[in-house]
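The values are calculated or read from the model by the stated rules, or taken from the named source; none is laboratory data. Computed from a predicted structure; not experimentally measured. Heads up, the Cβs are rebuilt from the backbone with ideal geometry, glycines too, and the neighbour counts pull from every protein chain shown. Surface accessibility is based on the protein's heavy atoms, side chains included, excluding ligands, DNA and RNA. Shrake-Rupley method; radii C 1.70, N 1.55, O 1.52, S 1.80 Å.
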Amino acid sequence: MHRDPDADALGSSLGWASYLIKKGHDVTVISPTDYTANLRWLDGIDHVLVYERSSDQGKCKKKIELADLICCLDFSALSRLKDLGKVVQEAAAIKLMIDHHLEPEHFAKWMIWDTNAAATAQLVYALIKEIEGDLPTREIFDIPLAESLYAGIMTDTGSFRHANVTPDVHLAVADLMLTGFDSSRVHRLIYDNAPLSRLQFLGYVLSQKLTVLPEFRTSYMVLTEAELQKFNSSTGETEGIVNYGLQVENVVMSAMFIERKGEVKISFRSVGSFSVRDLASSHFNGGGHKNASGGRSEQSVNETVAYFLSVLPQYQQALLSVD
Ligand code: 5GP
Ligand code: MN
């Protein structure tokens with residue numbers, strides 16, 4: 001899975017792993033970096049190796065070197081693996097990509113790649129159905145597997161409200177829910193499970209750091225390393241905050257700039273026809289989806305924001321014409 005894994009990266013990987021294990025395979029799940037605390041309940045997570053942990057690094061390398069098959073879930077560019085990308089690239093194993101991001105690199109021999117899928121977890125669901133026939137047994141589609149895939153679909157669709165929600169998404173979810181798990185509990189575990197400090201941090205960001213540019217229908221937030229340290233914020237504590245920028249009336253693009261470890265990580269969100277992927281890939285060494293993308297910059301945070309503001313006029317027409 002990709003670095004800083006979200007519920008789709010982890011949920012689809014753990015779900016796919018659980019299926020392969022049930023079919024008798026020897027499977028190891030590896031994440032390049034650590035994951036946020038609200039995902040620790042996912043079934044099988046205790047066995048996930050984290051490459052950036054020094055205690056796991058050797059084991060990860062060995063597993064990857066000796067693997068017959070490397071399944072790459074929820075990413076389609078090796079750079080999304082951070083330092084692990086090189087290890088995967090050099091591995092002899094056949095690579096299988098399962099992903100829904102745009103413009104994949106062609107590093108995998110086999111690709112299950114569909115940008116119309118709302119989540120990688122949806123692709124894993126469809127793949128298992130295809131292999132098992134229409135009615136997989138409850139031994140295969142058990143509650144932990146269904147919960148993992150549901151978590152990925154729920155989060156990548158913004159709890160079923162983004163433009164990527166199709167009838168197929170609801171049909172897949174309905175089928176998963178027939179296993180009988182408590183979907184409301186999954187929602188609570190992921191979204192209503194934050195340390196108080198995260199909510200206080202969110203309050204600070206929304207009250208002090210949110211700038212709205214009505215002429216561009218854009219809002220943005222800038223967070224410096226010092227502010228993050230003050231709120232003792234780990235990677236996860238900024239996750240999702242960019243979405244709040246879209247709640248402002250008339251705003252169709254939201255950006256968030258986070259200064260961290262000598263670089264600026266940028267998150268973009270948009271609605272409708274405006275593609276933040278184009279913006280991220282043209283100006284910020286990034287990419288992603290049309291309405292949710294990211295990038296990074298090695299300039300200072302002030303220079304990065306100034307650059308962002310300087311390119312906005314090029315997009316004004318497109319921003320103003322969003323329905
Ligand atoms: P987030 O803002 O949540 O970090 O990222 C949103 C989406 O943008 C991710 O799901 C991923 O598809 C994409 N993304 C984020 N950062 C990068 C990046 O540095 N490069 C590319 N190609 N895509 C990114
Ligand atoms: Mn995904």
All positions within the stretch 70-99 that are under 24 Å from D156 (Cα atoms) and among the small types (G, A, S) = S76, A77, S79, G85
key: Where a residue in the stretch 25-40 is surrounded by fewer than 17 Cβ atoms within 10 Å (Cβ to Cβ) and its partner, wherever it lies, is not in a loop (DSSP other than H, G, I, E, B), with Cβ under 6 Å and at least six apart   = T28/K63
ask   = Residues of the stretch 247-286 being open to solvent by less than 10 Å² (accessible area, probe 1.4 Å) and within 9 Å of ligand 1 (Cβ to nearest atom), which ones?
value = M256, I266, F268, V276, A280, F284
query = Restricting attention to the stretch 164-174, does a residue exist that is outside any helix (DSSP H, G or I), surrounded by fewer than 16 Cβ atoms within 10 Å (Cβ to Cβ) and within 16 Å of ligand 2 (Cβ to nearest atom)?
reply = yes
key: Residue list for the stretch 1-28, filter: closer than 20 Å to A77 by Cβ and in a loop (DSSP other than H, G, I, E, B)   = M1, H2, R3, D4, P5, D6
note = Within the stretch 49-88, of all residues that are away from ligand 1 (no atom under 14 Å from the Cβ) and part of a loop (DSSP other than H, G, I, E, B), the one surrounded by the most Cβ atoms within 10 Å (Cβ to Cβ) is Y51
query = Looking at the stretch 58-95, which of its residues are farther than 19 Å from V27 by Cβ and of a type outside the set (G, A, S)?
reply = L78, R80, K82, D83, K86, Q89, E90
query = Here are A91, A108: which of them is assigned by TED's automatic domain parsing to the domain that holds N38, more than 25 Å from R40 (Cα to Cα), surrounded by fewer than 22 Cβ atoms within 10 Å (Cβ to Cβ) and touching a helix residue (DSSP H, G or I) at 6+ places or on another chain (Cβ under 6 Å)?
reply = A91
message = Between A91, A17, A37, which is closer than 27 Å to T115 by Cβ and either under 20 Å from the mean Cα position of the chain (by Cα) or within 16 Å of ligand 1 (Cβ to nearest atom) (or both)?
response = A17
request  = Answer yes or no: is there a residue in the stretch 231-240 that is crowded, with 16+ Cβ neighbours inside 10 Å and at pLDDT 95 or above.
outcome  = no
query = When H289 is evaluated against the numbered criteria (1) in contact with a strand residue (DSSP E or B) (Cβ under 7 Å, 6 or more places away or on another chain); (2) surrounded by 14 or more Cβ atoms within 10 Å (Cβ to Cβ), which criterion, by number, is the only one it fails?
reply = (1)
message = Among the residues in the stretch 253-272, are any more than 21 Å from D34 (Cα to Cα), at pLDDT 95 or above and within 16 Å of ligand 2 (Cβ to nearest atom)?
response = yes
task = Could you please find all residues in the stretch 292-323 being away from ligand 2 (no atom under 16 Å from the Cβ), open to solvent by less than 60 Å² (accessible area, probe 1.4 Å) and closer than 16 Å to L246 by Cα?
result = L319, V322
